[in-house]
Amino acid sequence: MALGRLSQALLKSSLTQSRRQLSATAEQGHEASKLWKRLTYFVALPGVAVCMLNMYLKMKHHAAHYERPEFIPYSHLRIRTKRFPWGDGSKSLFHNRELNPLPGGYEGDE
């Protein structure tokens with residue numbers, strides 16, 4: 001009997017101790033979630049905005065000084081063994097008429 005009472009007392013004390021630890025852990029978790037929420041709003045999002053602004057300004061500077069390279073009709077480039085299944089068949093899906101030449105040269109340079 002004494003052994004049963006002892007084991008029950010130990011079990012109760014361990015349960016109450018674990019409940020206290022869980023409640024303390026929950027409070028700490030709530031504080032940690034507040035910290036990460038604040039870091040997201042005040043550090044991460046402004047950091048992304050600054051990076052976007054930096055890349056926009058660099059792109060704008062690069063576009064102002066960009067010159068299209070001369071078209072040289074190398075035989076091993078822009079090989080079309082079969083037509084594309086869209087449009088007129090000679091332009092890729094993401095074709096850009098200022099940057100991507102066709103096998104005969106840039107569009108509009110005729």
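Bear in mind these aren't lab numbers, they're just calculated from the coordinates by the rules spelled out. Values in this document were obtained by computation on a predicted structure and should not be read as measured data.
Before moving on, here are some points about what is shown:
- Distant-in-sequence amide contacts of residue 102, defined by a placed amide H-H separation under 5 Å and a gap of 5 or more residues or a different chain, comprise 107.
- Once backbone amide H atoms are built at 1.01 Å from N, residue 90 has 84 as its partners under 5 Å, excluding neighbours fewer than 5 places away on the same chain.
- Residue-wise HN-Hα couplings along the stretch 53-64, as the Karplus relation 6.51 cos²θ - 1.76 cosθ + 1.60 with θ = phi - 60° gives them from phi, are 4, 4, 5, 5, 5, 5, 5, 5, 5, 5, 5, 5 Hz; Gly and Pro carry x.
- Hz values of 3J(HN,Hα) by residue in the stretch 28-34 - Karplus curve (6.51, -1.76, 1.60), Gly and Pro given as x: 5, x, 5, 5, 5, 5, 5
- Cα pair count fraction exceeding 19 Å, expressed as % - the stretch 28-110: 64
- Applying the Karplus relation 6.51 cos²θ - 1.76 cosθ + 1.60 with θ = phi - 60° to the stretch 74-88 yields 3J(HN,Hα) values of 5, 6, 8, 9, 6, 6, 10, 7, 8, 6, 6, x, 10, x, 8 Hz, where x marks Gly and Pro.
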